[in-house]
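The values are calculated or read from the model by the stated rules, or taken from the named source; none is laboratory data. Predicted model only: the values in this text are computed from it and were never measured. FYI the Cβ positions are ideal-geometry reconstructions off the backbone, even for glycines, and counts take in every protein chain you see.
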Amino acid sequence: MALDSNTVKKIAFLARIKVPDSDLGGLANELNNIIGWVEQLGEVNTEGVEPMTSVAEMSLYKRADEVTDGAYPERVLANAPEPEKGFYTVPKVVE
Amino acid sequence: MTYLIQGDRGDWEVVIGLEIHGQVVSKAKLFSGAATAFGADPNCQVSLVDAAMPGMLPVINEHCVEQAVRTGLGLKAEINLFSVFERKNYFYADLPQGYQISQYQHPIVGEGTVVLDMPDGSTREIGIERLHMEQDAGKSLHDQDPRRSFIDLNRTGVCLMEIVTKPDIRSPEEAGLFLRKLRSIMRYLGTCDGNMEEGSMRCDINVSVRSVGETELRTRAEVKNLNSVRFVMQAIEYEASRQVEAHDAGEEVVQETRLFDSARGTTRPMRAKEFAHDYRYFPDPDLLPLQLDQAFVDRIKAALPELPDDKKARFIREFGLSPYDAGVLVASRRVAEYFEAVAEGRDPKTAANWVITNLFGALNAKGLDISESPVSAAALGKLIDLIGKGTLSGRMAKEVFDAMLESGQDPEAIVAERGLEQISDSGAIEGIVDGLIADNPTQVEQYRAGNQKVIGWFVGQIMKATQGKANPQMVNKLLREKLGE
């Protein structure tokens, strides 16, 4: 599998990363190297082997339905650039 | 009652599938310990997990899992003992993680069925495709400031169940019936309060049309975020006729997401950022697969309440109610409980009549819920007993019932206070009848000459003399006997 410049451009948009068009070709090469390296795993025969989700025999940890967190709006908003009346504010997004 | 749309060259039918988002009833959120209650001050029910601060990890709320399984069982659906949480990636200001934790390839609940009670008493089955768990997003307010949107994350991370139907629905009415039935089931189960105004239940619709007789599905359009049953029905009606017109005009119906304009009752396409909708689902590396054991599912199943369909069948079987009346009474668990308390030890049909005709009529007029009824089930039961004993005529009972609605008093107290007891003493009535016959020979002659209607005049006179308290059956019987002599 090889990435072309257009695919890299699309991925960059989806990740909201600004990439100048002049960098797309170089980035595609770098990404292709990484993908090629990972694709070596394809050489292993995994016929009949169940996909593994964890190296340890663990099951999903569950918690009880109790309110144990929250009620600290000042901490939640501590890093917000322009909070107002307890809200985050962002440039207008409206359909 | 097939729903057909007339086109230029024949009739079209509409094919509808629904996606319903129901907020799970729980104290805390799906993956954090923050509270879920509606109406708190902004950002007061947000944990650092919900705000997606670096290094925070999700831990699943076991009760939410139980609620999803319970709902699945209520939909007579298959429960998947193995399910997987995946990340659905997109950017929006009210989604701090940059992805929604959802289920995609392996949902917790598979195929099921909901039975609709049609107005003509028949039933119709609508297939459920799946139910999966996911996080709700936050809330954006766009009307607070000319250049900014305000974001409240209180709802962020609350557990949602997304329920997807098969494309089995064929009319706006069926869609409305389905939503009401689903809401009723979830309320019986206590898994979602189904309050569409507060947004705890929301609906997306998928609509396409096809010529009657066609078996393939045509291209569908999706209308998102409808927040009332009426809007769902309106949006379907509009979409269906819009698509028929397009097909007739030889235009293409495109697969797209549309928005409903509730002021106009129309839909319009969302601005085209469709290409951005590439969710790139992948299993969430922070969460192991959700594995349930059958014993857990069986325990939930054993503790399920009697659901509306079973209750309806029992009301028909045990109480001899019509399917329609039974359906009305079981639509809400509270109403069903109220009715059963009234019917206990009494004639169930009489009880059903009083609850459906008189009580519902009065509650609707006052805009009250059954739980706010000024007349308790015990008090309504006593009123029915007073009719049964002959203390009250039907007409007097209505009067007492109105007084009960106003004051919340016991019927016996009202009867005593107003001196409303019916006169069922045949001696007393006989005396009045005899007096009337003696004083009004003209009317007696008219009756005996064959004018049956005059009897109404006599009844009126007796009611006047007794302030309406004479037992009407007894009055009629005595009059006919005496006048016939």
Set B:GLU162, B:GLU134: member being surrounded by fewer than 19 Cβ atoms within 10 Å (Cβ to Cβ), away from chain A (no Cβ under 12 Å), among the charged types (D, E, K, R) and in a strand (DSSP E or B): B:GLU162
Residue within segment B:66-83 that is surrounded by fewer than 23 Cβ atoms within 10 Å (Cβ to Cβ) and within 7 Å of chain A (Cβ to nearest Cβ) present: no
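Mind checking whether some residue in segment B:255-276 is among the polar types (S, T, N, Q), part of a loop (DSSP other than H, G, I, E, B) and not assigned by TED's automatic domain parsing to the domain that holds B:ASP117?
The answer is no, given that none of the residues of segment B:255-276 is among the polar types (S, T, N, Q), part of a loop (DSSP other than H, G, I, E, B) and not assigned by TED's automatic domain parsing to the domain that holds B:ASP117.
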Residue within segment B:170-187 that is crowded, with 24+ Cβ neighbours inside 10 Å and of a type in the set (Val, Ile, Thr) present: no
Helices (runs of 4 or more DSSP H) fully within chain A counting 1 or more residues that are basic (Lys, Arg) and free of Cβ contacts under 8 Å to residues at least 12 places away in the same chain: A:5-14, A:73-76
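A quick yes/no check of all residues on (1) of a type outside the set (Phe, Trp, Tyr); (2) outside the structural domain of B:PHE38 (by TED's automatic domain parsing); (3) at positive phi; (4) surrounded by 15 or more Cβ atoms within 10 Å (Cβ to Cβ):
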| site | (1), (2), (3), (4) |
| --- | --- |
| B:PHE91 | no, no, no, no |
| B:ASP117 | yes, no, no, yes |
| B:SER122 | yes, no, no, no |
| B:GLU125 | yes, no, no, no |
| B:SER149 | yes, no, no, yes |
| B:GLY157 | yes, no, yes, yes |
Number of positions in segment B:19-30 that are facing another protein chain (nearest Cβ under 9 Å) and either of a type outside the set (A, V, I, L, M) or over 27 Å from the mean Cα position of the chain (by Cα) (or both): 3
Number of the condition not met by A:MET52 [criteria: (1) of a type in the set (A, V, I, L, M, F, W, C); (2) within 14 Å of another protein chain (Cβ to nearest Cβ); (3) surrounded by 10 or more Cβ atoms within 10 Å (Cβ to Cβ); (4) more than 25 Å from B:GLN97 (Cβ to Cβ)]: (3)
Residue check, B:GLU239 among the acidic types (Asp, Glu), crowded, with 19+ Cβ neighbours inside 10 Å, at pLDDT 95 or above and part of a helix (DSSP H, G or I): yes
Residue ID - surrounded by the fewest Cβ atoms within 10 Å (Cβ to Cβ), chosen from residues in segment B:42-65 that are at the interface with chain A (Cβ under 9 Å from one of its Cβ atoms), over 16 Å from A:GLY70 (Cα atoms) and of a type outside the set (A, V, I, L, M, F, W, C): B:GLU62
Residue in segment B:344-351 that is of a type in the set (Val, Ile, Thr), at negative phi and modelled with pLDDT of 95 or more present: no
Answer from A:VAL38, A:VAL8, A:VAL94, A:VAL19 - the residue that is of a type outside the set (Ser, Thr, Tyr) and within 30 Å of B:PRO289 (Cα to Cα): A:VAL38
B:GLN409 without any contact (Cβ under 8 Å) to a residue 40 or more places away in the chain and among the polar types (S, T, N, Q): yes
Meets criteria (facing another protein chain (nearest Cβ under 7 Å), closer than 24 Å to B:PRO54 by Cβ and modelled with pLDDT of 95 or more) for A:ASP65: no
Flag if A:ASN33 is over 29 Å from B:MET53 (Cα atoms), more than 8 Å from chain B (Cβ to nearest Cβ) and either over 25 Å from the mean Cα position of the chain (by Cα) or of a type outside the set (Val, Ile, Thr) (or both): yes
Evaluation of B:ALA341 against (1) aliphatic (A, V, I, L, M); (2) touching a helix residue (DSSP H, G or I) at 6+ places or on another chain (Cβ under 6 Å); (3) touching a residue at least 40 places away in the same chain (Cβ under 8 Å); (4) outside any helix (DSSP H, G or I) (one fails), failing number: (4)
Unique residue being among the basic types (Lys, Arg), more than 23 Å from B:VAL25 (Cα to Cα) and within 14 Å of another protein chain (Cβ to nearest Cβ) when the list is B:ARG155, B:ARG148, B:ARG170, B:ARG124: B:ARG148
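Pick from B:ALA303, B:ALA331, B:ALA295, B:ALA336: which is modelled with pLDDT of 95 or more and under 20 Å from B:SER373 (Cα atoms)?
Answer to the check: B:ALA336.
Matching residues to (1) assigned to a helix (DSSP H, G or I); (2) assigned by TED's automatic domain parsing to the domain that holds B:LYS469; (3) over 30 Å from B:LEU479 (Cα atoms):
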| site | (1), (2), (3) |
| --- | --- |
| B:LEU363 | yes, no, yes |
| B:ALA379 | yes, no, yes |
| B:LYS382 | yes, no, yes |
| B:VAL400 | yes, no, no |
| B:GLU430 | yes, yes, no |
